[in-house]
1. Where in region 33-116 are there strands (runs of 3 or more DSSP E), lying fully within it, with 1 or more residues that are farther than 25 Å from Ser221 by Cα and without any contact (Cβ under 8 Å) to a residue 40 or more places away in the chain?
2. Going through region 203-221 one residue at a time, which ones are crowded, with 17+ Cβ neighbours inside 10 Å and over 19 Å from Ser239 (Cβ atoms)?
3. For region 35-90, enumerate the residues that are surrounded by 15 or more Cβ atoms within 10 Å (Cβ to Cβ) and of a type in the set (S, T, N, Q).
4. Determine whether Arg199 is free of Cβ contacts under 8 Å to residues at least 60 places away in the same chain, out of contact with any His (no Cβ under 9 Å at 6 or more places or on another chain) and farther than 21 Å from Val247 by Cβ.
5. Can you find a residue in region 218-231 that is assigned to a loop (DSSP other than H, G, I, E, B) and within 30 Å of Met170 (Cβ to Cβ)?
6. Can you name the residue in region 227-252 that is over 21 Å from the mean Cα position of the chain (by Cα) and more than 21 Å from Glu142 (Cα to Cα) and is also modelled with the lowest pLDDT among such residues?
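The values are calculated or read from the model by the stated rules, or taken from the named source; none is laboratory data. As the structure is a prediction and not an experimental result, all values here were calculated from the model. Don't worry about glycine lacking a Cβ; one is built from the backbone with ideal geometry, like all the others, and counts go over all protein chains shown.
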Amino acid sequence: MSEFDPIARFYDLDFGGIDYDLTFYENFARRCGSPILELGVGTGRVALSLARAGFSITGIDSSPAMLAVARSKLKGLLKQRVKLVEGDIRDFKLEERFALGLAPIGGFMHLTTSQDQLKALACTYSHLAQGGMLIVDLPNPERERGDGANELVLAWVRRWPNSEGTVCKMVSTEVDEAAQLEHVTYFYDEVEPSGALRRTISTFTLRYFYRNEMEHLLERSGFAIEGLYGSCDLDGYDSESQRMIFVARKRP
């Protein structure tokens, strides 16, 4: 069982509406072609968008529950274009070689040690075709990192689709600056029309990255960095950027 299984049913309510990166990935997919590999596919937000645009994609995730949600969305041509694999992004073996690899929306942050980060990059490198490209999207640590206060913050209150019930999400983040770690706890409170409440709690740790550190990891793993962007509009990266998006190519 994955630590993300308990929150799989909330994932689309929480993150399903995020679309800032979809056109960005589609444009790179048109540049590189299929097949595409997604690390941490979750419930299929990016993968299904690319499949609808006509691309073939394989998504890997360690959470059976997340993958079950993604599989429930595969209808018609999507079944032919999307392959979902339960596995560890640090150690997987697939027969295909991919033109493009993706690590969207901070998923790489779940690798909290240098050893795990290098394993994942080495495994991805071995699965890319010659000259294949890898995109890693991370938050800018200067903008989005917490302050270490460990306060409980209300993130949102939303209704279940086609239901009278509501869900309230609260977040607590404790930052360990010395270790570059964020210890995050999500609280999802489901409130029924009767007022009955059910709480689901999920705790996990993220590693935040600085520019030079991530560049070193990529270069050490055999990648040549082709671009670093501060947004999916290809703005240059600086200290005020919201994102830190690395575009790298597999070296021979």
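1. Values: elements: 36-39, 57-61, 82-86, 98-103.
Output list reads 82-86.
2. Leu206, Arg207, Leu217, Leu218, Ser221
3. Matches in region 35-90: Thr43, Ser49, Ser56, Thr58, Ser62, Ser63.
4. Details: free of Cβ contacts under 8 Å to residues at least 60 places away in the same chain: yes; out of contact with any His (no Cβ under 9 Å at 6 or more places or on another chain): yes; farther than 21 Å from Val247 by Cβ: yes.
Answer is yes for this residue.
5. Start the filter on region 218-231 by keeping residues that are assigned to a loop (DSSP other than H, G, I, E, B), which leaves 221-222, 230-231.
The next check asks that each one be within 30 Å of Met170 (Cβ to Cβ); those that pass are 230-231.
Within region 218-231 (the criterion being assigned to a loop (DSSP other than H, G, I, E, B) and within 30 Å of Met170 (Cβ to Cβ)), the answer is yes, since at least one residue qualifies.
6. Pro252
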